[in-house]
Amino acid sequence: MADVATRISRLEKSLAQAQRQQPRPETTEPNRTPSRSKSTLPSTFNGRSREDILVQKGSSSQYFNEVFLSRVIEEEHNVESALMTPRMESPHPAPSLSINALGILSSPSSSALPSHYHPPKQTAVKLWTIYINNVEGCSGLKLLHLPTDEIKMYSIVDDPAMAPLDDLALNFAIYFAAISTLDDDEAQVTLGQDKQTLLLRFKIGLEQSFAHGDFLNSPTVTGLHALAIYLSALRVHNCGKGIWILDGLAIRIAHALGLHRDGKGLGLSPFQSEIRRRLWWHLLSRDIRAGEDYGLQNTSSLLLTSDVGLPANIDDTDISPDMQQPPEPKVGWTAMTFSLINIDLAKTVQKLLTLAASSSPSSPPREEIRAQIMKECKIRMEHWLSHCNLVIPQHRLALACSRFAFRKLDFTTRLQWDLLRNTDSQANFATEANLVEALDLIFPRINDDELLKQYAWAGKIYPQYHVTMYVLWHLCVQPEGPNADRAWQAIERSFSDSMRDDSATRLGSKSSVLAALRAKAMLIRQRIRERNAGMSIGEHPSAVAEDRFQDGGRFRDGGFHGDGFPAHLLGDAGVDELGFDRSEDGWLNWEALVQSFQLNSPETF
């Protein structure tokens, strides 16, 4: 018995010791700073490890792996806190918060028959006309075949109760997109009803059409067209991550329908093959924006691996359901040209991403390779644009948007590939020239073109996240300069526009990051002004600094650091307190900024 007791005692001690050695589960107090988990994945960028960031607070967490955003979160504690602010604490709630991605997975309601949400005939006809004028073919959104879809649309308008549910869903998506292009007053005058009321009505009608038709288990190409149009228009009202998640759902549905395989190889008719190509490439081009919009590394490798042929450069009148041979592509401008330009830009993005990911410090990609890829892209683009007639609004829109998207792609990739060649980061990135170019990209000039006012809605779909973040970081690191005032004017206008619009550009992680960076830049600017105002007339900051120099580049009495940056602004911790690293030559480390730049998809606006 004594032996048994001894063994039990030893076992109890072992168990107690093991329990003491076990890590305690992390607890998060309500007012505690959000915790951040960071893991390193295999090399995918310049031979270096890419940092994954998981920001956590209690049971809530957000994951990011886009290098630019991840680095900002890692270095800026105020950004991290802003990301984990509960939604109800948002200082600027969107008026149209109910226009969100929820509802696509609704259950069918016996009291909510889809046909009950169909508008009166005259309203439906007006919305169809608005869709054709403001949406179809604009911003690269060319999905329908108007000769056949128009017949389908009017058949539903004539008798909604007898319409197939996927056709009814397509009509609701068209109505939702059309009303999204109007402002409140215009909607009231044109349709005689409140815009928000109509949006909710068509949203519920589409959701119930999907639910009653069991769309997820029995998807159709028509239903997928409806989902694609709806998700594109939904971004006008809400840019939250739910839209991107539903984009992934749409791509999975496309796989279920075999859209990832070219229709010709599946034995489909030329007409069916052509319509499916339009839809497939539209879905892929949209998905590539995830890196910029949501801080997630682009995963659209399908752009390079898909065997689906490109849509033909043709007008809708060039194809019909009974045609036996594929259509012959046209040389001049057609309804598909703008979409083909967008697809080409997306493929260029993916090609550059692949080359950057396969490079290494010992074998960086050469600038001439990047320049050649961009040159070839521009030649193809300008070939299409040479057929534009500037007096036609859709042609004018395509020309302005395509050239803007190209300029932005060229700007971001040039900075990235300069870094990959290990050139002097300060000389190449912290320059007024780069700041001026970034400022030129924040507000596309098309916003001021009277002929393009009907397409202003599309500008809400693609906020300039990366360019705005670059400008804000520049103002944090180099708050003074010949273009500082212009930069602040651009930032204030950008934030003012997002507050005034009913769009949700301020919803989501990127908007929280921009708001936190803006607050920090404003604080730096204010303290510099206070510092300068407190100096004697004719007294220069560098002269004051010379009297307060200490060893190691630190100044006494809240003076300046060795690079002329106000120490009282930075606090006792100096530059590190602001979260910016120094390079070996003493300059703030701009490599951290530009390394984080990812190639992102072309944007229409």
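Nothing in this text is a laboratory measurement; each read-out follows from the coordinates by a stated rule. Everything numeric in this text was worked out from a predicted model, so none of it was measured. Using ideal geometry, Cβ is built from the backbone for each residue, glycine included, and neighbour counts are taken over all protein chains shown.
What shape does the range 171-279 have by the C-alpha gyration tensor, where a ≥ b ≥ c are the square roots of the eigenvalues, rounded means a/c under 1.5, and otherwise prolate means a/b greater than b/c and oblate the rest?
Working: a/c = 2.29, a/b = 2.02, b/c = 1.14.
Here the range 171-279 falls in the prolate category.
Could you order peptides 329-339, 151-161 by the average number of other Cβ atoms within 10 Å of their residues, highest first?
Working: 329-339: 19.1, 151-161: 15.7.
The most tightly packed comes first, giving 329-339, 151-161.
Taking H as built 1.01 Å from N, whose amide H comes closer than 5 Å to the amide H of residue 335, not counting residues under 5 places away?
Counting only residues 5 or more places away or on other chains, the set is 315, 316.
If packing is taken as the average number of other Cβ atoms within 10 Å across a peptide's residues, how do 200-212, 257-269 rank, most packed first? Mind showing how you got there, number by number?
Numbers: 200-212: 23.5, 257-269: 16.1.
Top of the packing list down: 200-212, 257-269.
Considering all alpha-carbon pairs of the range 103-330, what whole percent are spaced by more than 29 angstrom?
Details: 6763 of 25878 pairs.
Of the Cα pairs, 26 percent sit more than 29 Å apart.
With θ taken as phi - 60° and the coefficients 6.51, -1.76 and 1.60, list the Karplus ³J(HN,Hα) couplings across the range 101-117 in order, rounded to whole Hz; mark glycine and proline as x.
7, 5, x, 4, 9, 5, 8, x, 10, 5, 8, 10, 5, x, 5, 5, 8
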